[in-house]
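*Asks:* Pasting a structure here, questions to come.
The values are calculated or read from the model by the stated rules, or taken from the named source; none is laboratory data. On a predicted model such as this, the values are computed, not experimentally measured, just so you know. Note that we place each Cβ from the backbone using ideal geometry, even for glycine, and neighbour counts take in every protein chain shown.
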Amino acid sequence: MKNNILEITHLSKNYQDKTGEIEAIRDVNLEVSEGKFIVIVGPSGCGKSTLLSILANLDNKSSGKISFSKDNIKVGYMLQKDSLFPWLSILDNCLLGLKLKGKIKKDDKEYVLKLLDTYGLSEFKDKFPNSLSGGMRQRVG
Ligand SMILES: Nc1ncnc2c1ncn2[C@@H]1O[C@H](COP(=O)(O)OP(=O)(O)O)[C@@H](O)[C@H]1O
Ligand SMILES: [Mg+2]
């Protein structure tokens with residue numbers, strides 16, 4: 001019996017820029033079963049980040065189908081380059097998404113503080129990104 005948590009069929013993505021169209025991925029097909037740990041390997045520029053950005057809903061696909069087996073699946077994606085704002089403290093960087101949505105509650109802040117603790121970053125919450133190591137910045141991201 002199939003126990004796929006994710007199915008990708010005929011997924012393609014073209015980017016448009018000033019010079020024209022760039023075909024980033026073409027006809028990607030992938031099935032991922034629950035509990036599987038998979039690695040996507042390929043040369044620089046082959047479309048790995050594009051695929052992950054589409055899966056995390058950070059970018060749109062051009063064509064194809066992505067189906068998750070459940071509606072409440074959350075896709076987390078640690079970006080290659082952290083996009084922390086240098087002028088915000090670690091805590092404020094972590095709270096930014098919620099702040100922009102304009103609905104930050106006391107519980108949310110407590111949850112973020114708990115997460116910082118989980119990732120060993122509590123004592124850095126009032127520091128700024130430039131005083132953290134690359135790995136620590138990734139964890140903040
Ligand atoms: N925002 C973008 N605009 C135009 N082209 C892009 C953009 N992002 C990626 N590309 C192009 O899409 C292709 C795949 O890039 P990417 O997914 O970043 O590859 P990888 O992560 O495997 O190194 C490359 O040719 C890259 O130049
Ligand atoms: Mg990449």
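*Asks:* Restricting to segment 12-22, count the residues that are touching a Gly at 6+ places or on another chain (Cβ under 9 Å) and away from ligand 2 (no atom under 16 Å from the Cβ).
*Replies:* Of the residues in segment 12-22, 1 are touching a Gly at 6+ places or on another chain (Cβ under 9 Å) and away from ligand 2 (no atom under 16 Å from the Cβ).
*Asks:* Looking for whichever is outside the structural domain of residue 28 (by TED's automatic domain parsing), of a type in the set (A, V, I, L, M) and out of contact with any Asp or Glu (no Cβ under 9 Å at 6 or more places or on another chain) here; the options are 84, 51. Which one fits? I'd like the intermediate steps shown before the answer.
*Replies:* Details: 51 fails: outside the structural domain of residue 28 (by TED's automatic domain parsing).
Sole residue among the options that is outside the structural domain of residue 28 (by TED's automatic domain parsing), of a type in the set (A, V, I, L, M) and out of contact with any Asp or Glu (no Cβ under 9 Å at 6 or more places or on another chain): 84.
*Asks:* OK, next. From the list 102, 120, 64, which one is in the same structural domain as residue 21 (by TED's automatic domain parsing), small (Gly, Ala, Ser) and over 15 Å from the mean Cα position of the chain (by Cα)?
*Replies:* Result of the check over 102, 120, 64: 64.
*Asks:* Within 15 Å of residue 6 (Cβ to Cβ), touching a strand residue (DSSP E or B) at 6+ places or on another chain (Cβ under 6 Å) and modelled with pLDDT of 95 or more - does that describe any residue in segment 41-50?
*Replies:* no
*Asks:* Between residues in segment 43-70 that are within 9 Å of ligand 2 (Cβ to nearest atom) and residues that are small (Gly, Ala, Ser), which pairs lie under 7 Å by C-beta distance while being six or more apart or on different chains?
*Replies:* Final answer for the pair search is 47/24; 48/42; 50/24.
*Asks:* Here's another thing I want to ask about it. Scan segment 43-59 for residues that are in a loop (DSSP other than H, G, I, E, B) and either under 19 Å from the mean Cα position of the chain (by Cα) or surrounded by 11 or more Cβ atoms within 10 Å (Cβ to Cβ) (or both) and report the count.
*Replies:* 8
*Asks:* Looking at segment 60-114, which of its residues are of a type in the set (A, V, I, L, M), farther than 30 Å from residue 12 by Cβ and either in contact with a helix residue (DSSP H, G or I) (Cβ under 8 Å, 6 or more places away or on another chain) or loosely packed, with under 12 Cβ neighbours inside 10 Å (or both)?
*Replies:* Correct list: 84, 88, 90, 91, 95, 98, 100, 104, 112, 113.
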